[in-house]
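Q: Dumping the structure here so I can ask a few things about it.
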Amino acid sequence: MSRIGKMPITVPAGVDVDIAENNVVTVKSSKGTLTRTFHSGMIIKQDGNTITVERPNDEHLYKSLHGLTRSLLSNMIVGLDKGFAKELEVNGVGYRAAMEGKQLVMNLGFSHQVKMEAPEGIEIEVPSPNKIVIKGYDKQAVGQFAAEVRGKRPPEPYKGKGIKYANEVIRHKEGKTGAAKK
């Protein structure tokens, strides 16, 4: 039995879950609405404010989908209740970020500024010139946009310059030493 899949999901107050035919699950709250279609073989049951996910048999496909389905459903509910956030740090001399309207503008050592528009449902905050906070209710969208921002200038291992996640540890490499003389 899947350890994650058999855990029940508690639906908090203010979040409505609707399970339709063919496992189309719609989760609504004051923050927004998320809809996802799950595999038709999985059994999703709602009993009051608890949701359980079961599998029809012990085939390999259903075993692998059991925990995945439960995690995705839980992330939808948690996202619309509390939301998700990713923190990025901008490291380097002259590297900085700022907001201009709804655009994230970054100086990353290029000859031009890097501008990025926030997708639907994503909120960007820049509390200081070297810190970016990306918030939203869809965990996948928050993570994807954070990865795109980080991809504009990933951290390099020699000086540590670039954009990194706040909890990421960059392993520094030692640079070249003097040339050997004969």
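Q: Among the trypsin sites (Lys or Arg not before Pro) within segment 57-124, which fall in a DSSP loop and have no more than 16 other Cβ atoms within 10 Å of their own Cβ?
A: Taking segment 57-124 and a limit of 16 other Cβ atoms within 10 Å, the loop trypsin sites (Lys or Arg not before Pro) found are K82, K102.
Q: How large is the helix-only mean residue ellipticity at 222 nm for the chain, computed as the sum of -39500 (n - 2.57) over DSSP H runs with n ≥ 4, divided by its residue count, in deg cm²/dmol to the nearest 500?
A: Helices in the chain give a 222 nm mean residue ellipticity of -6500 deg cm²/dmol.
Q: If you don't mind, there's one more thing I want to ask. In percent, what relative contact order does the chain have, based on Cα pairs under 8 Å that are 6 or more apart in sequence? All intermediate terms of the calculation are to be shown ahead of the outcome.
A: Working: 331 pairs, mean separation 31.4, N = 182.
Rounded, it is 17 percent for the chain.
Q: Compute the relative contact order of segment 1-66 as a whole-number percentage, counting only Cα pairs closer than 8 Å that sit 6 or more residues apart in sequence. Don't jump to the answer; show the numbers that get you there.
A: Values: 101 pairs, mean separation 20.4, N = 66.
Computed over segment 1-66, the figure is 31 percent.
Q: Hey, could you get me the Stokes-Einstein D for segment 51-182, Kirkwood radius over alpha-carbon pairs, 4 °C and 1.567 mPa s, rounded to whole µm² s⁻¹?
A: For these conditions, the coefficient is 74 µm²/s.
Q: In addition: In terms of modelled amide H atoms, which long-range or inter-chain residues lie less than 5 Å from the amide H of G5?
A: G67
Q: Which aspartates and glutamates, if any, have their Cα less than 19 Å from the Cα of K161, not counting same-chain residues under 8 positions apart?
A: Cα-Cα hits under 19 Å: E87, E89, E148, E174.
Q: Measuring with a 1.4 Å probe in the full set of protein chains, what accessible area per residue, in whole Å², belongs to the chain?
A: 63
Q: Moving on to the next point. For segment 1-104, treating each Cα as an identical point scatterer without solvent, what Debye log10 I(q)/I(0) comes out at q = 0.12, 0.20 1/Å?
A: -0.51, -0.98
Q: Determine the alpha carbon to alpha carbon distance for each of K63/K139; K63/K164; K86/K115; K63/K135; K6/K152 and list only those over 29 Å.
A: Violating the 29 Å limit, Cα to Cα: K63/K164; K63/K135; K6/K152.
Q: A further question on this structure: So if a site counts as exposed when it's one of the chymotrypsin sites (Phe, Trp or Tyr not before Pro), its DSSP state isn't H, G, I, E or B, and it has at most 13 other Cβ atoms within 10 Å, what's the longest stretch of the chain without one?
A: 1-109
Q: Determine how large the accessible area of H60 is when every protein chain is in place; take a 1.4 Å probe and give Å² rounded to the nearest 10.
A: Here the residue's solvent-accessible area equals roughly 150 Å².
Q: Would you look at the GNM of the chain, springs on alpha carbons closer than 10 Å, and say which of I19, I122, I77 moves the most?
A: I19
Q: Something else: Give the angle, between 0 and 90 degrees and rounded to the nearest 10, that separates the Cα long axis of helix 139-151 from the longest principal axis of the Cα atoms of the chain.
A: 10
Q: Kindly provide the GluC sites (Glu not before Pro) of segment 48-146 that DSSP labels as loop, not H, G, I, E or B, and whose Cβ sees at most 11 other Cβ atoms within 10 Å.
A: In loop regions of segment 48-146 (DSSP not H, G, I, E or B), the sparsely surrounded GluC sites (Glu not before Pro) are E59, E120.
Q: On a 0 to 90° scale, report how tilted helix 60-81 is relative to the longest principal axis of the chain, with both axes built from alpha carbons and the result rounded to the nearest 10.
A: It works out to around 70 degrees.
Q: Charges only on Cβ, +1 for Lys and Arg, -1 for Asp and Glu: so what's the dipole of the chain about the Cα centre, in debye to the nearest 20?
A: Details: 28 positive and 20 negative charges, 265 e Å.
Once rounded to the nearest 20, the dipole reads 1280 debye.
The values are calculated or read from the model by the stated rules, or taken from the named source; none is laboratory data. What you see is a predicted model; the values in this text were computed from it and never measured. Counting neighbours? That spans all protein chains shown, and the Cβs are built from the backbone with ideal geometry, glycine included. The area values use the complete protein model at the heavy-atom level, side chains included, leaving out ligands, DNA and RNA. Shrake-Rupley method; radii C 1.70, N 1.55, O 1.52, S 1.80 Å.
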